[in-house]
Amino acid sequence: MSRAERATRAGRTRPTTMTVATVVAGTVIFLLLAIPLAVQVITAFRGPFLPFGVSSARWSVDNFATLWGLREDFWAVLGSTAAFVGGSTVLSLLMAFGLAWITVRTDAPFRRVISLLVIVPFIVPPIVKAQAYLLMLSPESGVLNQLIHLVPGMADVTIDPYSFPTMIVIQSLTNVTFPFLMIVPILTGMDGSLEESARVSGAGWGQTLRRVTLPMLWPGLLGVTVLTFILGLGSLEVPLLFGQESGKSIFALKLWTLISAGAGELPQYGLAAAWGCVFLVITTIAFVIYLRATRDAERRASISGKGFRPTTMKLGGWRIPVLLAVVVFTMLTAVLPLFALFWSAITPYPLAFSFEALRTQTQFGAFGEVLADGEFWASLGRTLIIAGGSATIACGAATVLAYGIARARATGWTRSMDLFASSSVAIPAVIAGFAMFLTFMVINPVIPLAGTIAALVIAYSYRVSIAYRAGFSATLQIRKELEEAALISGASRLEGFRRIVAPLLAPTVFAVWIQMFILGTNEFTLPAFLATPESRPLSVYMYAMINPRSAQLYAPDQGAAMALIFTLLVFAIGYGLQWLVSLRAIGRASRRGRVVASATDALGAAAAAVEATDDPDATDTRSVATEQVRELSRR
Amino acid sequence: MTTTADMTEARGGGRLVVDGLEKHYRLDGAEVPVVKGVSFTIEPGTFTSLLGPSGCGKTTTLRCVAGLETSDGGVISLDGRVLSTGSEHVSPDKRDVGMVFQNYAIWPHMSVFANAVFPLQVSAGKLPKKQARQRAMEALELVQLDAYAHRPATALSGGQQQRLALARALAHRPRLLLLDEPLSNLDAKLRDTMRNELRSLQQRLGITALYVTHDQSEALSMSDRVAVMNGGRIVQEAAPKELYFAPADRFVADFVGRVNLIPAVVRDRDANGDALVEAFGTKLVTPCPAGSGTGAEVTVTIRPESVRWHEASVDRPNLLAARVARVEFLGEIVEYEAEIVHEQTTVGRIVARGAPMDSPAEGSSVFLELAPQACRVLAA
Ligand SMILES: Nc1ncnc2c1ncn2[C@@H]1O[C@H](COP(=O)(O)OP(=O)(O)O)[C@@H](O)[C@H]1O
Ligand SMILES: [Mg+2]
């Protein structure tokens, strides 16, 4: 961080406004992440129930002993979790990479439409998606099974929704958008001259891909893999809907069942915390891999600089198969799930699709009932408040801290704060939800927040690392001289920040805000642990409607109708906001005479904004990089 | 142009005194000195260059003057106002200087006009709106960018961005203009044009300028004074011609232009008071080196263009027999390298330059004349 060491500090002894802001933001983020984790670890070592304020609390390793006593169960959970999360991560990555490659690097027709279709499922809450797959796969009435029966020779084949492989595939299908959104900028950002110099040195497409492209992309892809893995480990939706019947115990589900006690028993928080600790060790290892990978990726990016865009691959005869694959993917992730939901919303009970049924059995009352349901509107309002509030807190604190750290002299303090602020990606959502739950229980006698909307806002903000990383790299993109020029021109530090830094950071921050907002509206795992009927967001309310066990609320047709309405709303809000951002980013970038990457999504907008901050050094670094590849290919 | 007159009027002063400037960086826990006691004075209205190889501390010195870097020792003052001591520092926005950065640092989210008017809108140089507008347009006119005022700043070419950076640095009429290798990102042709424009603008405005460069021809052609830096110190400060023809030491001689460095020993002194030194086994007449007596080891320097050649021996002092080893045609001049022959063995090499029409053939035997008044003797 030699540039950062050039930090200018006039009047070294007086802390500036910026310093104070950085320290405040750092403290907020530290408390947000450190307290819940500490409470969880303490709970693991203090008794079977809560760690404080109850008579049973005392220091012991009983919980780990119990865990060891049940080691057969433990190994079983570990094994099925590894198969479930690992398998689905690999599958989603393959799909995401393929789709990203098609949209960025080939001449496939309808590329913009394809990238839009991949992003659509992002807006559908995972709990809704999981429910839609359950409906699609129902052996009697599921539309997918119906379709399969139409294929000649497959009349007897029925997909079992509760088989373990099905569950893995479903999990992977619900999680393609996230790796896709991360891989697209990696592919777009790749310096085309590197490949071209390999081609000029006599390498064919295949060789270039193997010897230059993939090695260049590898660290970035590894980083995406780790994040997808941790995301998968933390999500409760698919295990909750499919896992209970399949008989396989997945970690997320295990944690969930441990704290939902049966009648008359005290929930086993201590044991659950011990489980959480063990899995935190696993994700910490994954996090270390992620850190190394991103460091390598950044190093490679800084060697290659910002080159021109890579050339596109001519598909030729492969156009049709590629398009077919995209169509099948879209059917599986968007069309059929939405259809299944819609069908479920207009039929009074599970019913196979037929034109007969369409004519005689359908009714549209569920939509009206949802719109007339006060609780729907109340939970929708809570969802927006929680998602908006947490996105604002996380983006605000993270941006200030990221700016402060990126510009500060590198010391042990700034380095550890940087690591810490990046670390929330290592915490699976189930663990975060559980740890937050414990924390609010523990502090409740002093600060009664448990079960409130405020608690949910705080809990959702734990995904602060997304905003932090984005803010950090966006700050590094703003050359320090731009600020120094403001100072020399007579602007105070605050004026410089307001007039130069803030406008340049704004597109990134706004794009990240939208991303976190949509994540927040979709969130199910965290409120599953934290919400009460008074504070529950729409995702939890919807789950109650489609879950046969929630006796009086059970109304699957209304649940499905609600899911559709909600999806439409999130789409409208999220897409409307993104559209605004990309419009601005495209406008600005084209005014600057630059080619802009696809700006159809939040990350696209961020990428466009990044591309738009121009870099006169790019040409130099590019020729250096070209030289290096020539050197490599000569060997 | 009346506007130019306006711009000149309000400005004045600009006497910069840097005395014993020190700066170190912390690297892996150790303090690494980068600027080691640099002192120089710039008179109002003059153009001074800091010239030196990459990494010698020029940028650091300039940034200390700008206040972007806090110095660790020494005093910087501008028109008698102390800007920096080792412990107290006036912040950059209150120093009343303008600066052109190496990569221009044009704000990409603003128009050309917004960039230029910025210094007149912020706290230190804030002006009423109308006046600020007028001044910014004047500054843009100075660099012929007034027609582009409402373009986005990033829609400018490299040379135009550079001029915009200059306009922005001049808009608030600072006492001192700082420039850090402003031409290094331009192509050769544009660099020459900009060099002239920059110099004539500086003279027209009469502004004091401190210019950092590693390019000796830039420094020599533009400056009133040049300070040559090496390893964090100023090794010589002089007018360009003096620097070229009377370098203070081997480093300056070698860095500023090309030079032959000939090891020699002082033998005697002749009737005119000139020295007789022995080099290449031959006695040469040279100007008398200050303070080195008989037997002292010295270095005789002579520029390649001062070396003359003859086909046959002539009756002139300092004639050396040589064989032309290499002739290189460079366009406006020819450079050739000759091996000095003494008693049938090669004892050294001399590089010489001459007009292309009049050059010796490769492989021919010639006599080289190192005219005494063209030689300079430096301590070894
Ligand atoms: N922030 C920094 N931290 C450590 N060393 C630095 C820093 N900035 C510059 N240096 C070192 O100081 C020396 C002088 O740098 P600089 O003033 O930029 O040289 P130049 O004469 O090329 O402009 C170099 O050796 C450089 O490596
Ligand atoms: Mg420099």
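The values are calculated or read from the model by the stated rules, or taken from the named source; none is laboratory data. From a predicted model like this one, the values you see are computed outputs, not experimental measurements. Don't worry about glycine lacking a Cβ; one is built from the backbone with ideal geometry, like all the others, and counts go over all protein chains shown. These accessible areas exclude ligands, DNA and RNA; they are computed on the full protein's heavy atoms, side chains included. Shrake-Rupley method; radii C 1.70, N 1.55, O 1.52, S 1.80 Å.
Odds and ends about this structure:
- Test: residue in the range B:24-34 that is within 12 Å of ligand 1 (Cβ to nearest atom) and among the small types (Gly, Ala, Ser): yes
- B:Ala219 within 16 Å of ligand 1 (Cβ to nearest atom) and either hydrophobic (A, V, I, L, M, F, W, C) or not assigned by TED's automatic domain parsing to the domain that holds B:Leu78 (or both): yes
Quick grid of which residues meet (1) part of a strand (DSSP E or B); (2) more than 12 Å from the chain's Cα centre (by Cα); (3) within 16 Å of ligand 1 (Cβ to nearest atom):
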| position | (1), (2), (3) |
| --- | --- |
| B:Glu197 | no, yes, no |
| B:Tyr211 | yes, no, yes |
| B:Val228 | yes, no, yes |
| B:Glu242 | no, yes, no |
| B:Pro247 | no, yes, no |
| B:Arg258 | no, yes, no |
| B:Arg267 | yes, yes, no |
| B:Ala271 | no, yes, no |
| B:Val277 | yes, yes, no |
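- Inside the range A:387-418, residues that are within 25 Å of A:Phe571 (Cα to Cα) and surrounded by 20 or more Cβ atoms within 10 Å (Cβ to Cβ) make up a count of 6.
- Filter result for A:Arg499 (assigned to a helix (DSSP H, G or I) and either within 12 Å of chain B (Cβ to nearest Cβ) or more than 23 Å from the chain's Cα centre (by Cα) (or both)): yes
- With respect to the conditions (1) within 14 Å of another protein chain (Cβ to nearest Cβ); (2) part of a helix (DSSP H, G or I), A:Val464 falls short on a single one, namely (1).
- Condition broken by B:Ala114, with the remaining ones in (1) surrounded by fewer than 24 Cβ atoms within 10 Å (Cβ to Cβ); (2) closer than 16 Å to A:Ile488 by Cβ; (3) within 11 Å of chain A (Cβ to nearest Cβ); (4) modelled with pLDDT of 90 or more satisfied: (2)
- When the range B:95-110 is limited to residues that are of a type outside the set (D, E, K, R) and open to solvent by 30 Å² or more (accessible area, probe 1.4 Å), the one that is farthest from ligand 2 (Cβ to nearest atom) turns out to be B:His109.
- A:Leu384 open to solvent by less than 10 Å² (accessible area, probe 1.4 Å) and within 29 Å of the chain's Cα centre (by Cα): no
- Enumeration of residues in the range A:228-279 that are surrounded by fewer than 24 Cβ atoms within 10 Å (Cβ to Cβ), in contact (Cβ under 8 Å) with a residue 12 or more places away in the chain and among the acidic types (Asp, Glu): A:Glu245
- The range B:144-158 - residue that is surrounded by 18 or more Cβ atoms within 10 Å (Cβ to Cβ) and part of a helix (DSSP H, G or I) and, of those, farthest from the other protein chains (Cβ to nearest Cβ): B:Asp146
- Restricting the search to strands (runs of 3 or more DSSP E) fully inside the range B:285-362 and requiring at least 2 residues that are over 24 Å from B:Gly257 (Cα atoms) and hydroxyl-bearing (Ser, Thr, Tyr) gives B:345-354.
- Total residues in the range B:35-81, condition part of a strand (DSSP E or B) and either within 16 Å of ligand 1 (Cβ to nearest atom) or more than 14 Å from chain A (Cβ to nearest Cβ) (or both): 19
- Of everything in the range B:21-48 that is out of contact with any Gly (no Cβ under 9 Å at 6 or more places or on another chain) and among the hydroxyl-bearing types (Ser, Thr, Tyr), the residue that is surrounded by the most Cβ atoms within 10 Å (Cβ to Cβ) is B:Thr48.
- Spans of helices (runs of 4 or more DSSP H) in the range A:164-205 with at least 1 residues over 21 Å from A:Val120 (Cβ atoms) and at pLDDT below 85: A:177-189, A:192-200
- Residue check for B:Glu88: farther than 22 Å from B:Gln202 by Cβ and open to solvent by 30 Å² or more (accessible area, probe 1.4 Å): yes
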